[in-house]
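Each reported figure results from applying straightforward, stated rules to the coordinates on display, with no laboratory input. A quick note: this is a predicted structure, and the numbers were derived from the prediction, not measured. Neighbour counts are summed over all protein chains in view; Cβ atoms, including those assigned to glycine, are modelled from backbone coordinates with ideal geometry.
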Amino acid sequence: MSQYRHQYPQQGQPPGPYPAQGQAPYPAPGQAPAPGQAPYPAQGYAQYPGQGQYPAQGQAPHPAPRQAPGQAPYPAQGQAPYPAPGQAPYPAQGQAPYPAQGHAPYPAQGQAPYPAPRQAPGQAPYPAQGQAPYPAPGQAPYPAPGQAPYPAQGQAPYQAQGQVPYQAPGQAPHPAQGHGQPPAPQNYGSVPNQGGRVVRPGTDQFKSRVEIHIECKNLLNKDLLSKSDPCAALYMMRGGRWEELGRTENVINNLNPKFSRCFVANYFFEEVQKVLIAVYDIDNITPQLTDDDFLGQLETTLGQLVSNTPYTAPLMLKNGRKAGQGTITVRTEEIKEGCETALLTFRASKLDKKDFFGKSDPYLEFLRASPDGSWQVVHRTEVIKNNLNPSWRPFELSLQSLCGGNKQQTIKVDCYDWDNDGSHDYIGGFTTTFDEMFKAAQQEVSWPCVNQATKAKKRSYTNSGTIFLTSCKILKEYSFLDFITSGMQINFTVGIDFTASNGNPGQSSSLHYINPYQPNEYMAAIKAVGEVCQDYDTDKLFPVLGFGARIPPKMEVSHEFAINFNPQNPYCQGIDGILQAYFNCIQQVQLYGPTNAAPIISHVARFAATAQMEESSKGAHAYFILLMLTDGVLSDMSNTRTAIVEASKLPMSLIIVGVGQADFKDMEILDGDNGVLRAASGEPAKRDIVQFVPFRDFRNSSSVELARHVLAEVPKQVTDYYKMRCIQPIKKPTVS
């Protein structure tokens, strides 16, 4: 991120090293806490008795060597409390119930299975080591040290003394920068293409991607003065819980909606992939569905939907009863990899007037033919109010959605006059193919807008207007790797919560407690995510900011401070440098509050805004990722939402990792998976840039799993941003 260092006036020094053993807080061997110094009492004091306070051998309770039973402290056999053999309660050997030695069931000593006294192992009945069933060391199944699966000391996973994780005396509990070797590079999240299908990383599982289209009929009517405004949400079972995949648009005043917005899901033949589709009547603008009227749901599997398309079933209430006469129909279709996307611009002229007191409010609806002969809605334009010569905004539509990737497949375009009661008036329509539409790449093409019912009634009828396609462009879809290989840099910034709710760092219960043998959750998350991001930043200089603490020298509360206390140069060198600066910072700040996240988001957004202004000359050269780690509820939720909405316009993504056991409902709202995030003013986010995960869900998983989960959405966020800005990857000069 050094290319933006000019925004900080001066450069300072890198944060200092960890203290050596013998310096606070780690004493040298023999220094406190040596025995005799606090917190350990000297020998001879409680808790540890001195020499001479332990009884000597031969004194009670320990008899001297060769001290025979019967001498103190042990009474002789036959004296209380031990009776002699043959006295009650013990019968003599050979008397009932105990037979004499050598008689059944007890063999004499030296007879199988008991060897004679002094009989060495290796003599009957015990085989020597190396003979069956006990192999010698180095023989199967026990390899010698240094042989697989046990490496010699100093080889992975066992380090020699003085190497990580075992430090030699005087070394820090965490390695200094440059200590040890970097981990082998890992290809996180990549999925090699194999004939139009892809392979799940680390497995041999092939997956297909399918489009899921939904329509409903006879929905429950929950509105008194109008009809329901339905929306469908699709969930998939992952890790034992339902995760929302997305939502359709809201269809106003309609009990028989055909949703144009579809879902895309990965399909694995070899897995049972549970699917839940819930339909709600949307009555407000909040992203939560819990405050909307529930209209019914369908719980099934993706395999069932794929194998029985179109799949129709009754909608069910949560009590197991049918939701009136409501039904749901789901259609699925496999997405053909590499399908193109079209950018289309339509207008119309001289449309029929359908409103009594005004003109028509036209919109277009695009449908494609399904294999069962029905028509599937794939797109709707916006409504142009009171206009018989409308021009609609350009829109993008994949050829997979528009015509199933088949450019000769019939496409139907209908024009309607929108009415707020849901009874939209049909103006007319036409059929075409994408091959015909693509002629607009050269010049405008047109079709008569015909209402067949009106044409059948009136001989004089010609059409209800004309619809024009003024522009048709095929858009090249650029991948995340297209931008990376063209030189785009990922600029990684870390924001750390230093509020008092984390607990006293000096106590082991604190989320900021530094355990010399195990990283805390903050450190583990920084390392897991940072080790992936640093591979895409050439200088590996990362700003690290803190919030919610009193900081030196004045011990004033700050919500935007450099954790190396150098505001002119907040950079840390590599991930080890971040951890080192964090270690030093936690010993100098006073945890305080409140938990305000907006200042740090706005801080990174300023850098992203600078990069955006440079795109006209430098192209897609810089993208920013902010990793924010926090332990709980935000105090500035409204300001944070506004900051995120502003950041959604910039080359920036926000990853939030929730640390500890707090309630993270606010973070789930910021994630935007349950609807479009809006600022306090109501302005919606331009795109989804937030990914939230609670660290506790990955406490027992590898760091690779955490990194893979939190970074999974970043590639799409990058490509969505540059697509929104119509920016292509920079073409590298050809080397001759």
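At a glance:
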{"quantity": "3J(HN,Hα) from dihedral phi, region 232-245, Karplus parametrisation 6.51/-1.76/1.60, rounded to Hz, x for glycine, proline", "calculated": "10, 10, 10, 10, 10, 6, 9, x, x, 9, 7, 10, 6, 8"}
{"quantity": "Extension gain from residue 431 to residue 221, taking 0.36 nm per residue of separation minus the Cα-Cα distance", "calculated": "72.2 nm"}
{"quantity": "Of all DSSP beta bridges in region 627-736, antiparallel share, percent nearest 5", "calculated": "10"}
{"quantity": "Principal semi-axes in Å for region 308-450 [√(5λ), Cα gyration tensor, largest first]", "calculated": "29, 24, 12"}
{"quantity": "Cα→Cβ-extended label distance, 7 Å offset, between residue 243 and residue 454, nm", "calculated": "5.0"}
{"quantity": "Approximate spin-label separation residue 301-residue 391, in nm, with each point projected 7 Å along Cα-to-Cβ", "calculated": "5.3"}
{"quantity": "Of the trypsin sites (Lys or Arg not before Pro) in region 300-329, those whose Cβ has at most 16 other Cβ within 10 Å and which sit in DSSP loop", "calculated": "318, 321"}
{"quantity": "Percent antiparallel among DSSP beta bridges (both partners in region 486-724, rounded to 5)", "calculated": "30"}
{"quantity": "Spatially proximal aspartates and glutamates relative to residue 723 (Cα-Cα < 20 Å; intrachain offsets below 8 disregarded)", "calculated": "337, 340, 396, 477, 482, 614, 615, 646, 688, 713"}
{"quantity": "Cβ-Cβ FRET estimate between residue 336 and residue 272, R0 fixed at 25 Å, reported to 0.05", "calculated": "0.50"}
{"quantity": "Estimated FRET transfer efficiency (residue 554, residue 663; beta-carbon r; R0 35 Å; 0.05)", "calculated": "0.55"}
{"quantity": "Unsatisfied cross-links (Cα-Cα over 27 Å) in the set 412/458; 618/686; 527/716; 353/458; 336/649", "calculated": "336/649"}
{"quantity": "Separation of alpha-carbon centers, region 566-645 and region 373-428, rounded to whole Å", "calculated": "43"}
{"quantity": "Karplus-derived 3J(HN,Hα), 6.51/-1.76/1.60, for each residue of region 447-453, Hz, glycine and proline x", "calculated": "9, x, 8, 10, 9, 5, 5"}
{"quantity": "Cα shape, region 638-723, gyration tensor, a/c 1.5 rule", "calculated": "oblate"}
{"quantity": "Three-way shape call for region 584-736 based on the alpha-carbon gyration tensor, with the a/c threshold at 1.5", "calculated": "prolate"}
{"quantity": "Gain upon complete extension [residue 370, residue 507; 0.36 nm per residue less C-alpha separation]", "calculated": "42.9 nm"}
{"quantity": "Prolate/oblate/rounded label for region 202-334 (Cα gyration tensor, a/c 1.5)", "calculated": "prolate"}
{"quantity": "Calculated FRET efficiency for the pair residue 720/residue 700, C-beta based, R₀ 25 Å, to 0.05", "calculated": "0.15"}
